[in-house]
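The structure appears right after this line, and notes come after that.
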Amino acid sequence: MSECLFCKIAAGDIPSNKLYEDPVCLAFHDIDPQAPTHFLVIPKAHLASVAEITEDNNAVAAHIFSVISKLTKELGLESYRVVSNIGEQAGQSVPHLHFHVLAGRDMTWPPG
Ligand code: AMP
Ligand code: ZN
């Protein structure tokens, strides 16, 4: 989608602090980190959120989770949180599917 911030980052039209890239997804550091480690993993193809994952396209979600598992191991993270906000009330500010990976500090539950 031409006006989507994360589509532009995926295309390389807007720079990002890239951690990992493959043909399906991209991981980059969050511009406003909420923990000592805070990166995002996005599919390169636009989906608005988890709400658009279906039986037909869920391979991208499985792939992203395998990338999260690999990257966190490479970073030596034994404990971390994976979050995806869906919709305004849950705090989604960028309408392109993304998974936050946060680590490096104590975290509370329930989340705010
Ligand atoms: P959410 O609010 O769950 O939709 O998450 C969007 C995240 O994208 C926020 O944590 C922002 O700090 C982050 N963000 C926004 N713009 C950029 C950018 N240009 N590069 C990296 N992260 C960004
Ligand atoms: Zn997009």
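The values are calculated or read from the model by the stated rules, or taken from the named source; none is laboratory data. Since this is a predicted model, take the numbers as computed values, not measurements. Virtual Cβ from ideal backbone geometry, glycine too; neighbours counted across all protein chains shown. For the accessible areas, the whole protein counts, side chains as well, though only heavy atoms, and no ligand, DNA or RNA atoms are used. Shrake-Rupley method; radii C 1.70, N 1.55, O 1.52, S 1.80 Å.
If I filter region 71-88 down to residues being exposed (fewer than 12 other Cβ atoms within 10 Å of the Cβ) and not in a loop (DSSP other than H, G, I, E, B), which single residue comes out as farthest from ligand 1 (Cβ to nearest atom)? Lay out the reasoning, then the answer.
In the first step, residues of region 71-88 are kept if they are exposed (fewer than 12 other Cβ atoms within 10 Å of the Cβ); the result is 73-74, 76, 78-79, 88.
Right, trim to not in a loop (DSSP other than H, G, I, E, B) and you get 73-74.
Working: Lys73: 23, Glu74: 20 Å.
By that ranking, first place goes to Lys73.
On the given criteria, is Val101 open to solvent by 30 Å² or more (accessible area, probe 1.4 Å), of a type in the set (Val, Ile, Thr), touching a residue at least 24 places away in the same chain (Cβ under 8 Å) and away from ligand 2 (no atom under 16 Å from the Cβ)?
Values: open to solvent by 30 Å² or more (accessible area, probe 1.4 Å): no; of a type in the set (Val, Ile, Thr): yes; touching a residue at least 24 places away in the same chain (Cβ under 8 Å): yes; away from ligand 2 (no atom under 16 Å from the Cβ): yes.
No; evaluated as a whole, the condition is false for this residue.
Select from region 24-70 the residues that are more than 16 Å from Phe6 (Cα to Cα), part of a loop (DSSP other than H, G, I, E, B) and in contact (Cβ under 8 Å) with a residue 40 or more places away in the chain and list them in ascending order.
Listed by number, the residues that qualify are Gln34, Ala35, Pro36, Ile53.
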